[in-house]
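A.B. asks: Next up is a structure, given as structure tokens.
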Amino acid sequence: MFQIVSLVIIAALTALDRVSKIAVTASLKGAEPKEFLFGAFQLRYAENTGAAFSSFSQNTLILTVFTLLVLALCLFVLLGRRTKSLFISACLILIISGGIGNVIDRIAQGYVVDFIEPLFMNFAVFNVADIFITVGAALLIIYEIRELVLENKRKKDNSEKTDD
């Protein structure tokens with residue numbers, strides 16, 4: 001049941017990303033950017049052939065293969081129930097959903113559609129899939145750091161108890 005629920009959530013999040021990209025392409029490709037959230041962001045159509053911050057531009061094939069490998073690994077861990085917690089599973093679901101959304105773009109078009117641009121700082125234009133990947137990865141890193149700190153604390157507490 002866990003696997004089915006996970007796949008349904010992944011499909012829904014991937015669909016959300018796809019719908020957002022289709023809507024932006026239909027309404028903003030070739031149009032002027034539109035500000036939103038009190039001018040903090042703007043919607044601006046952009047085609048990104050690279051990865052984050054347009055790094056590895058013009059290496060779509062390499063990025064696609066790498067993304068597919070990461071997706072396969074994440075799906076193996078998630079669907080094989082090899083995670084320590086539901087929280088880690090949720091992080092993997094976000095990462096997988098975003099990865100699928102962007103890899104669909106790369107395979108179908110040779111680029112990823114980006115459209116959210118912060119105006120309050122100099123930052124890359126990104127999309128919904130990027131948000132899923134970033135949030136999932138950041139939360140996973142924070143979780144793992146927390147686990148390391150707690151494990152070290154437990155080890156220290158245990159060694160102090162055996163010294164008594």
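The values are calculated or read from the model by the stated rules, or taken from the named source; none is laboratory data. Not measured: the values here are computed from a predicted model. FYI the Cβ positions are ideal-geometry reconstructions off the backbone, even for glycines, and counts take in every protein chain you see. The area values use the complete protein model at the heavy-atom level, side chains included, leaving out ligands, DNA and RNA. Shrake-Rupley method; radii C 1.70, N 1.55, O 1.52, S 1.80 Å.
A.B. asks: If you stretched the chain out fully between Leu16 and Leu69, how much longer would it get, using 0.36 nm times the residue separation minus the C-alpha to C-alpha distance? Let's see the in-between values first.
C.D. replies: Numbers: separation 53, 0.36 × 53 = 19.08 nm, distance 2.28 nm.
Roughly 16.8 nm would be gained on extension.
A.B. asks: Taking 0.36 nm per residue of separation and subtracting the Cα-Cα distance, what length does fully extending Phe120 through Phe38 add? Show your work: numbers first, answer last.
C.D. replies: Working: separation 82, 0.36 × 82 = 29.52 nm, distance 1.07 nm.
Working it through step by step, the gained length comes to 28.5 nm.
A.B. asks: Shifting gears a bit: Let's test the formula: R0 of 41 Å, r as the Cβ-Cβ distance of Ala108 and Lys161. What FRET efficiency results, to the nearest 0.05?
C.D. replies: 0.10
A.B. asks: A further question on this structure: What net charge is computed for the residues neighbouring Ile88, neighbours being all others with C-beta under 10 Å from the C-beta of Ile88, Lys and Arg scored +1, Asp and Glu -1? Show your work: numbers first, answer last.
C.D. replies: Numbers: positive: Arg82, Lys84; negative: Glu144, Glu147.
Value of the local net charge: 0.
A.B. asks: Please list, or write none, the lysines whose alpha carbon is within less than 28 Å of the alpha carbon of Lys153, excluding same-chain residues fewer than 8 places away.
C.D. replies: Output for Lys153: Lys84, Lys161.
A.B. asks: Still on this structure, I have one more. Considering only protein heavy atoms, what per residue accessible area in square angstrom results for the stretch 1-154 with a 1.4 angstrom probe? Mind dumping the intermediate values first?
C.D. replies: Details: 8930 Å² over 154 residues.
Solvent-accessible surface per residue comes out at 58 Å².
A.B. asks: Given contacts defined as C-alpha pairs under 8 Å and at least six residues apart, what's the relative contact order of the chain, whole-number percent? Write down the numbers at each step before the final one.
C.D. replies: Numbers: 196 pairs, mean separation 45.7, N = 164.
It comes to 28 percent, rounded to a whole number.
A.B. asks: Within straight cross-link reach of Lys21, meaning Cα distance under 27 Å, which lysines are found once same-chain residues fewer than 8 apart are removed?
C.D. replies: Within the straight-line limit of under 27 Å, Lys21 reaches these lysines: Lys29, Lys34.
A.B. asks: Roughly how far apart, in whole Å, are the Cα centres of the stretch 1-38 and the stretch 63-133?
C.D. replies: Between the Cα centre of the stretch 1-38 and that of the stretch 63-133, the gap is 12 Å.
A.B. asks: What is the Cα coordinate range of the chain on the first, second and third principal axes, sorted by size from largest, in whole angstrom?
C.D. replies: 72, 37, 30
A.B. asks: Under the 0.36 nm per residue contour assumption, what length would be gained going from the current alpha-carbon distance of Glu144 and Ala31 to full extension?
C.D. replies: Details: separation 113, 0.36 × 113 = 40.68 nm, distance 4.30 nm.
Full extension of this stretch gives 36.4 nm more.
A.B. asks: How far apart, in nm, are two points set 7 Å out from the Cα along the Cα-to-Cβ line at Asn152 and at Gln3?
C.D. replies: Here the modelled spin labels are 3.8 nm apart.
A.B. asks: Still on this structure, I have one more. Round to a whole number: what % of the accessible area of the stretch 4-134 belongs to carbon and sulfur, probe 1.4 Å? List each step's numbers first, then the result.
C.D. replies: Working: 5190 of 7190 Å².
Result for the stretch 4-134: 72 percent of the exposed heavy-atom area is carbon or sulfur.
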